[in-house]
Structure formats: C-alpha cells, structure tokens
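Contents: one structure, followed by commentary.
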Amino acid sequence: KPAMDVARNLITNSDLEPPLTEWRVFNDQGTDGGDVDGRAELVLDEGHSAVRLIRTGAQGNHCETVLEQVINKQLPDPATSLVVRATVKVRHQELSGGGYLSSEYPLMIRITYRDVYDSEAEWVQGFYYHNNAGNPTTYGLQIPQDRWFLYESENLLNTLPISPYRIVKVRVYAAGWDYE
C-alpha cells in the first residue's frame, strides 16, 4: 500500500482570524530617518479575513510594516514538499516594482529557515502591480492591482539551493514608501 502525503500547515492561525495572538506586528523604519509608521488592521475584504498593511505620508522614506510568527518547527521526515500558499492583494504602491534593490515590495512573504547544515537562510517572494521606473524585480511577481490573487510557490524542497530542515519564522510584510 503506497504512503499518502499528509499536508500540514506549519503556521498557527493562517486564516488570520482574530485575535492575532500568535502573530507579532511591528514597524522597522530602517536607517533613512523616517518616522511615519504603517498600520496593520484586521479586515474582512470580499469575504476574506485579512490583515491590511497600510502606510501613508511616507514622503519617500522607507518603512516595513511586519506581521511575524515564530514557527521553530522541524519539517517532517521524510518531507516530500514544502509549498507556500497565500491569497494576496496589493491595492496601492508608491515605490515602483521592488525598489532600487528589488527588496521593497508593497507585499512580501519571507520564510527564515535552517538547512541541513544548521545554517540560517531565507526564501523571499514579493508582490507588486506596477514598475513604471523599471526597477529590478528579482524577487517579485507582478499581480493585478486591487484584486485577490491566489499564490502558490513551487516545491521549495526542489528549488532552494540547500533543503530546509527547520522553519524558523515567517514574515508577511509591506515595504517601501506608501503602500496598502
């Protein structure tokens, strides 16, 4: 009798139902002297429970508004796949594409993991809807503006240079100037 794959969700409260006690919310202003924080608001949007990450009045200063969960779980052995699934929407972005270094998308998912050699590494996926300035979008995916988009990554066990052994944390965040 062949073994059956059993999908496991490693994230607690991945549906973002209130309260978000498993999630930590914070802002990181970076080093450019800005002081306008973004906000994280629980919303119901077209039937989706979601967290809106929004920032206005940035005046060209960088900020990251972060929703973070520490996972600290070893992957099952043997693991046959590791896939990131998310329903995402980008309503507004002031900074074009992923910014000058392809690191400031209006929505990003970052998975921090430890590999089989116990080195820490990261997987990053950004989302944006316009790149009028032609900035690099190495880690980005262009999606339709202001529409829910179902994202599913490739099997990360097949695409990452060294396979993850333990998932350390996941961050869902907005980065750049003004964003929603």
inquiry  = Probe of 1.4 angstrom, ligands and nucleic acids ignored: what's the accessible area per residue over region 52-98, in square angstrom?
reply    = 44 Å²
Max mean-square fluctuation residue, GNM over the chain, Cα-Cα springs under 10 Å, options V168, V83, V66 = V83
remark   = Once amide hydrogens are built 1.01 Å from N within the peptide plane, the residues lying 5 or more places from H130 or on another chain with amide H under 5 Å from its amide H are G97
query = Counting only protein heavy atoms and using a 1.4 Å probe, what share of the accessible area of the chain belongs to carbon plus sulfur, as a whole percent?
reply = 48 percent
query = Which entry in [x] 16.8, 62; [y] 16.5, 49; [z] 15.0, 43 matches Rg and Dmax of the Cα atoms in Å derived from the coordinates of this structure?
reply = [x]
inquiry  = Under the rule a/c < 1.5 gives rounded, and otherwise a/b versus b/c splits prolate from oblate, where does region 85-157 land using the Cα gyration tensor?
reply    = oblate
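The values are calculated or read from the model by the stated rules, or taken from the named source; none is laboratory data. What you see is a predicted model; the values in this text were computed from it and never measured. Surface areas here come from the heavy atoms of the whole protein model, side chains and all, with no ligands, DNA or RNA. Shrake-Rupley method; radii C 1.70, N 1.55, O 1.52, S 1.80 Å.
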